[in-house]
Amino acid sequence: MKDHYTIDQRGLALAHAIVAKIEQGDVGVGIATAQEVNARWRAMVPSALHDEWQVILATDWETIKQTLLCPSEYGQRLRQNNPFCGILTPQERWKIFEEYRQYAA
């Protein structure tokens, strides 16, 4: 059974992988991708969280990265609606999911 702690840690591990991949490539493309995803989500279901991400995504990479990797409740809350989906391949995501599935077992 997965507890909230394990789910939060898995989300943080995914965020670390996203940050690493973005930094290996073009940071601007990574941010633009997240902005497009967030804009699409905001258009479908407007929410304060999407508005919050819009503000964050308009800042510099260091601020965005610190937000993604923030271990606090604030970071956990934002990672639950992370617009950086699509940065990792399904294989990269499943590798992390598998690690945490084994951890939770």
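Structure above, values below:
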item: Of residues in region 79-95 being in a helix (DSSP H, G or I) and under 13 Å from the mean Cα position of the chain (by Cα), the one farthest from Ala34 (Cα to Cα); result: Arg93
item: Residue satisfying all of: in region 14-30; surrounded by fewer than 18 Cβ atoms within 10 Å (Cβ to Cβ) and touching a helix residue (DSSP H, G or I) at 6+ places or on another chain (Cβ under 7 Å); farthest from Gln80 (Cα to Cα) among these; result: Val27
item: Verdict on Thr33 being of a type outside the set (Lys, Arg), at pLDDT 95 or above and either outside any helix (DSSP H, G or I) or surrounded by 15 or more Cβ atoms within 10 Å (Cβ to Cβ) (or both); result: yes
item: Filtered residues of region 50-105 (kept if without any contact (Cβ under 8 Å) to a residue 24 or more places away in the chain and either of a type in the set (Asp, Glu) or under 13 Å from Val19 (Cβ atoms) (or both)); result: Asp51, Asp60, Glu62, Thr63, Gln66, Thr67, Cys70, Glu73, Glu98
item: Among the residues listed as Gln76, Gln9, Gln54, the single one being touching an Asp or Glu at 6+ places or on another chain (Cβ under 8 Å) and either surrounded by 15 or more Cβ atoms within 10 Å (Cβ to Cβ) or assigned to a helix (DSSP H, G or I) (or both); result: Gln76
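Quick grid of which residues meet (1) within 14 Å of the chain's Cα centre (by Cα); (2) modelled with pLDDT of 95 or more:
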site: Arg10; (1), (2): yes, no
site: Ile18; (1), (2): yes, yes
site: Val27; (1), (2): no, yes
site: Val37; (1), (2): yes, yes
site: Arg40; (1), (2): no, yes
site: Ala43; (1), (2): no, yes
site: Asp60; (1), (2): no, yes
site: Ile64; (1), (2): yes, yes
site: Thr67; (1), (2): yes, yes
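The values are calculated or read from the model by the stated rules, or taken from the named source; none is laboratory data. None of the values given here were measured: they were computed from a predicted structure. All Cβ positions, even for glycine, are placed from backbone atoms using ideal geometry, and neighbour counts span all protein chains on display.
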